[in-house]
Amino acid sequence: MNIVGISACPAGLAHTPMAAKALEQAGKELGYHVKMEQQGSMGPVNAITQEEADQADFVLIASDQKITNMERFKGKKVLNVNINVCIKAPKAVLKKCVSVVKGD
Amino acid sequence: MEIQANNILLNLRVKDQDDLLRIISQQAVCCHYTVSAKDLYISFINREKDYSTGLQEGFAIPHAKSEAVKAAGIIYARLLSPIDWQTYDNQPVTDVFALMVPKEGAGTRHLKMLSNLATALLDEKFKRKLRSLKRSDKIAHYISKEIGVDKI
């Protein structure tokens, strides 16, 4: 599984990098390739390229904020998850998203 | 941004979240992060209303990004007894990192340090080591070392 995503939170200080790191770590443990772009107070960190977007199986948006540059993901399946759930239970989030995408 | 002994509040006795955020805001005046404890306190409370900054295992990270903040900083408070806070694991809070940044022009280096601190709180080893330290100068040194910008 090749997953790309974006995290963003109100101040863009703490929850944005926490969610990104939690999901990437969980991905490693589950054997998925996960790359999270952080749209926080530093601007885009770990930005997802068009090529990476094209190769992804799906897109995970860990945010209830306005996300910029979504046109990269045109035609891709996009799943929205609460950012706090991503920090609290990143493995469960990934498993659930994968099963939704696979249509299990 | 430096973290020194006066950024660390140990054995703090507070009655609730409100009381704690007021004390942290006062301390932020001493650390020259703000000139108005009241405005800073309001910024913390307003952010908390978006959604709680409680994490798990007794940690919380209230933060203020506002005009009340003049310079980026961190204050760590370790409480004598736990206080109620909405957290992921529904446990009360004993360890609080207050993060403060100006509304504009915080500087990438400072933002990176705050980001490093937030992600360090996902790391069991960091939390365990932090809690094992009892002296404010040692704690300040340990936090500085762990979140320094050279360490990505």
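Below, the figures for the structure above:
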quantity: Odd one out for A:Ala19, checked against (1) under 25 Å from B:Glu104 (Cα atoms); (2) in a helix (DSSP H, G or I); (3) more than 10 Å from the chain's Cα centre (by Cα); calculated: (3)
quantity: Residues within segment A:7-53 that are in contact with a Leu (Cβ under 8 Å, 6 or more places away or on another chain) and either open to solvent by less than 10 Å² (accessible area, probe 1.4 Å) or away from chain B (no Cβ under 11 Å) (or both), tallied; calculated: 12
quantity: Flag for A:Val100 being assigned to a helix (DSSP H, G or I), of a type in the set (A, V, I, L, M), more than 30 Å from B:Leu99 (Cα to Cα) and free of Cβ contacts under 8 Å to residues at least 24 places away in the same chain; calculated: yes
quantity: Flag for B:Tyr51 being facing chain A (nearest Cβ under 10 Å), at pLDDT below 95 and surrounded by fewer than 23 Cβ atoms within 10 Å (Cβ to Cβ); calculated: yes
quantity: Residue check, B:Leu122 within 11 Å of another protein chain (Cβ to nearest Cβ) and within 19 Å of A:Asn84 (Cβ to Cβ); calculated: yes
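Residues checked against (1) assigned to a helix (DSSP H, G or I); (2) modelled with pLDDT of 95 or more; (3) under 13 Å from the mean Cα position of the chain (by Cα):
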{"position": "B:Ile3", "(1), (2), (3)": "no, no, yes"}
{"position": "B:Asn6", "(1), (2), (3)": "yes, no, yes"}
{"position": "B:Lys15", "(1), (2), (3)": "no, yes, no"}
{"position": "B:Leu21", "(1), (2), (3)": "yes, yes, yes"}
{"position": "B:Ile24", "(1), (2), (3)": "yes, yes, yes"}
{"position": "B:Val29", "(1), (2), (3)": "yes, yes, no"}
{"position": "B:Lys38", "(1), (2), (3)": "yes, yes, no"}
{"position": "B:Ile42", "(1), (2), (3)": "yes, yes, no"}
{"position": "B:Ile45", "(1), (2), (3)": "yes, yes, no"}
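The values are calculated or read from the model by the stated rules, or taken from the named source; none is laboratory data. In this text the structure is predicted, and so the values were computed from the model without any measurement. With ideal geometry, Cβ positions are generated from the backbone for all residues, glycine too; neighbour counts draw on all protein chains shown. Please note that ligands, DNA and RNA were not included when accessible areas were found on the heavy atoms of the full protein model with its side chains. Shrake-Rupley method; radii C 1.70, N 1.55, O 1.52, S 1.80 Å.
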